[in-house]
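Inspection log for the structure reproduced underneath, given as structure tokens.
The values are calculated or read from the model by the stated rules, or taken from the named source; none is laboratory data. Model, not experiment: these values are computed from the prediction. Glycine gets a Cβ as well: all are built from the backbone with ideal geometry, and neighbour counts include every protein chain shown.
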Amino acid sequence: MDIDLPGLDGYATTRLIHEWQTARAVAPTPIVALSAHAMREAVSASLDAGCVAHIAKPIDRAALLKTIRHYLLPRSVPASTPLEAAPLTAGVAALVPKFLASKPQQIEQARLCLAAKDFEPIRRFGHNLRGTGPGYGFPRIEQLGRDLEKAAVEGDEGRIAQQLEALHRFIMSLSPTMTGPALTSGPADVPKITSLTVAGSVTL
């Protein structure tokens with residue numbers, strides 16, 4: 001996805017694609033962001049929009065093809081199957097602590113919405129988790145977001161509360177392993193940085 005599309009940019013286009021697929025229970029298409037910008041803010045914006053990776057221009061053909069091969073899904077994969085997390089680059093790994101740190105407050109906001117029986121903000125929160133989890137290397141967060149979104153659509157208060165509690169426990173389980181930009185230990189779902197590259201490119 002070219003981020004600098006005229007009119008509707010790549011961020012908005014990516015969100016619309018995922019919303020369309022969610023509404024029709026279609027397996028999410030892994031979208032790779034292509035951008036002239038390799039700064040941390042640009043990488044974060046791509047991941048927050050739901051892209052699974054961010055590659056900076058000029059594009060390295062070998063890196064692009066490896067990324068596509070990694071995220072290419074067979075037609076038989078059901079919509080409920082989470083994507084396998086790819087190794088993170090140094091640029092993306094540096095964003096992980098901020099991503100995780102924002103979650104406790106967002107969970108509390110979702111709980112307040114639940115108490116008020118306001119399900120739409122909860123649905124959007126789940127949808128955002130579903131889209132951003134893979135890009136930050138957390139397929140567990142993607143799955144929790146998927147389940148939370150479905151529960152909110154159905155107005156199932158019990159399941160919403162369960163998913164929010166599961167998300168809270170998962171986020172808290174990661175905090176002892178946070179030692180800076182790189183996550184080097186912890187649960188199997190925690191990204192492990194095994195190689196470093198220039199921010200904005202992908203190493204597989």
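Quick one: in the stretch 20-38, of everything that is assigned to a helix (DSSP H, G or I) and modelled with pLDDT under 85, which residue is farthest from the chain's Cα centre (by Cα)? Across the stretch 20-38, the extreme among qualifying residues is 23. Surrounded by fewer than 13 Cβ atoms within 10 Å (Cβ to Cβ), outside the structural domain of residue 32 (by TED's automatic domain parsing), modelled with pLDDT of 85 or more and on the phi < 0 side of the Ramachandran plot: is that true of residue 142 in this structure? Against the criterion (surrounded by fewer than 13 Cβ atoms within 10 Å (Cβ to Cβ), outside the structural domain of residue 32 (by TED's automatic domain parsing), modelled with pLDDT of 85 or more and on the phi < 0 side of the Ramachandran plot), residue 142 does not qualify. Of all residues in the stretch 59-88, those that are at pLDDT 75 or above and in a helix (DSSP H, G or I) total 10.
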